[in-house]
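Undergrad: Handing you this structure, nothing more for now.
The values are calculated or read from the model by the stated rules, or taken from the named source; none is laboratory data. All figures in this text were calculated on a predicted structure; none of them were measured in a lab. Glycine gets a Cβ as well: all are built from the backbone with ideal geometry, and neighbour counts include every protein chain shown. When the accessible area is computed, the model is the full protein with side chains, heavy atoms only, and any ligands, DNA or RNA have been set aside. Shrake-Rupley method; radii C 1.70, N 1.55, O 1.52, S 1.80 Å.
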Amino acid sequence: MKRREFITLVGGSATAWPFVARAQQPARPVVGLLGATTPHGFAAQLGAFRQGLSEAGFVEGRNVTIEYRWADDQYDRLPELAADLVRRQVAVIATLGGNAASVAAKAATTTIPVVFHGSVDPVEAGFVASLNRPGGNVTGVVSLNVDTGQKRLELLHELLPTATTIGLLLNPANAVAEVQSMDLQAAARTLGLQLSIANASTEHDFDAAFANLRQGQVHGLVIGTDGFLTSQSEQLAALTVRYGLPTIFQYRAFVVAGGLMSYGGSVTDSYRLSGVYTGRILKGEKPADLPVQQATKVELIINLKTARTLGITFPITLLGRADEVIE
């Protein structure tokens, strides 16, 4: 072979090598994130999920891609959004913002792994066969937010010991609403309270719901667990102050926005666990072998500035149990 031909061959091969190397790189895995509501109000949850993914070795945009599908609080859109992720052939589907998203994801596929985030008994809901051995393609994380609904009512009663009627705001489009209603009505009877229920499944329902609560002469309000209601934390905080209603909700974001207090599972705890499980599945573990996890960390957050606006004094015993006091 002539020297010039050899140099040309080597030079040409060297030019081709980077393209070959790029062609041989494994495709970046894709996670489908199915949200029942909107990204607004869920920054903390998304941040915690990404943190969990990072702990498992995956960083969005670097070695994993996340495809987001949001139902914008229209739960009837969830089945088609889940089906779209299945057609996209994502590696894992993770759910966010309520049990409705988990139901849709499970119904959409029996092969793609699903990591649910929910607040109902996953065995009773049909998500898994058992907590320790989920079986099938589904596993996930259960938060304590429905279980802590009765505790929220007790805390509000402790703050307002002379109150006789308490309101409960629910989203009737959420299948969990009926369970919450029955549980809190039973708890109210135990505490000697009357429970007045108001419903809201869109922003347009809020004014009528609060007007009904005022008409019912409620002395305080518990907001039920729901993805849509969580996404509206800022508006709900403003409404509760405008109507002069001492209110307790589930997440810290409500209190930061000006709500009176919150008590519920830590979003940074539960959604981080969802992210970790998603990462472990991307590494090859099977959902059937990953026990359902229960996020056990709960937080009591109090806003003293709002308390002063509402003319409320927190007892020292309640303040002493708070994980955070916003002044």
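Undergrad: Any chance you could list the semi-axes, whole Å, largest first, of the equivalent ellipsoid that the Cα gyration tensor gives for the stretch 181-327, using √(5λ)?
TA: The three semi-axes for the stretch 181-327 are 31, 19, 16 Å.
Undergrad: Between helix 233-242 and the chain, what is the angle of the helix's C-alpha long axis to the longest principal axis, kept within 0 to 90° and rounded to the nearest 10?
TA: 20 degrees
Undergrad: Once fully extended, how much extra length lies between residue 83 and residue 189, figured as 0.36 nm per residue of separation less the alpha-carbon to alpha-carbon distance?
TA: Length gained, residue 83 through residue 189: 33.8 nm.
Undergrad: For the pair residue 234 and residue 163, what calculated FRET efficiency results from E = 1/(1 + (r/R0)^6), where r is the Cβ-Cβ distance and R0 = 30 Å, to the nearest 0.05?
TA: 0.75
Undergrad: So what are the stretch 87-152's ellipsoid semi-axes, whole angstrom, largest first, if each one is the square root of 5 times an eigenvalue of the alpha-carbon gyration tensor?
TA: 22, 13, 9
Undergrad: Given a Förster radius of 22 Å and the C-beta distance between residue 129 and residue 178 as r, what FRET efficiency does 1/(1 + (r/R0)^6) yield to the nearest 0.05?
TA: Rounded to the nearest 0.05, the efficiency is 0.35.
Undergrad: Just tell me which lysines come within less than 24 Å, Cα to Cα, of residue 106; anything on the same chain fewer than 8 places away is out.
TA: Within reach: 283, 286.
Undergrad: Using the crude model of +1 on Lys and Arg Cβ and -1 on Asp and Glu Cβ, and no other charge, please compute the dipole size for the chain relative to its Cα centre, in debye to 20.
TA: Once rounded to the nearest 20, the dipole reads 1400 debye.
Undergrad: Under a Cβ-only charge scheme (Lys and Arg +1, Asp and Glu -1), can you give me the dipole magnitude of the stretch 200-285 about the Cα centre, in debye to the nearest 20?
TA: In debye, rounded to 20, the stretch 200-285 gives about 260.
Undergrad: Between helix 99-108 and the chain, what is the angle of the helix's C-alpha long axis to the longest principal axis, kept within 0 to 90° and rounded to the nearest 10?
TA: 40 degrees
Undergrad: Return the lysines within reach of residue 151: Cα separation strictly under 27 angstrom, same-chain partners fewer than 8 residues apart disregarded; answer none if there are no such residues.
TA: Here the lysines satisfying the reach criterion relative to residue 151 are 297, 305.
Undergrad: Report the convex hull volume per residue for the stretch 47-166, counting only C-alpha atoms, in Å³.
TA: 154 Å³
Undergrad: Which shape class, rounded, prolate or oblate, goes with the stretch 246-323 when its Cα gyration tensor gives a ≥ b ≥ c as root eigenvalues, a/c under 1.5 marks rounded, and past that a/b bigger than b/c marks prolate?
TA: prolate
Undergrad: Which one, 304, 137, 184, is farthest towards the positive end of the dipole of the chain when Lys and Arg carry +1 and Asp and Glu -1 on their Cβ?
TA: Final value for the positive-end residue is 137.
Undergrad: While we're looking at this one, here's another question. When only alpha-carbon atoms count, how far does the chain stretch along each of its three principal axes, as whole angstroms with the largest first?
TA: 101, 41, 36
Undergrad: Modelled label-to-label distance, residue 60 and residue 283, 7 Å Cα→beta-carbon offset: nm?
TA: 2.1 nm
Undergrad: Here is a further query. Roll a 1.4 angstrom probe over the protein heavy atoms and tell me the percent of accessible area of the chain that is carbon or sulfur.
TA: Whole-percent figure for carbon plus sulfur exposure: 52.
Undergrad: Kindly report the accessible area of the chain per residue (heavy atoms of protein chains, probe 1.4 Å, no ligands, DNA or RNA), in Å².
TA: 47 Å²
Undergrad: Rank 320, 291, 112 by how far each Cα sits towards the positive end of the charge dipole of the chain (+1 on Lys, Arg Cβ; -1 on Asp, Glu Cβ) and give me just the farthest.
TA: After comparing all options, I get 112.
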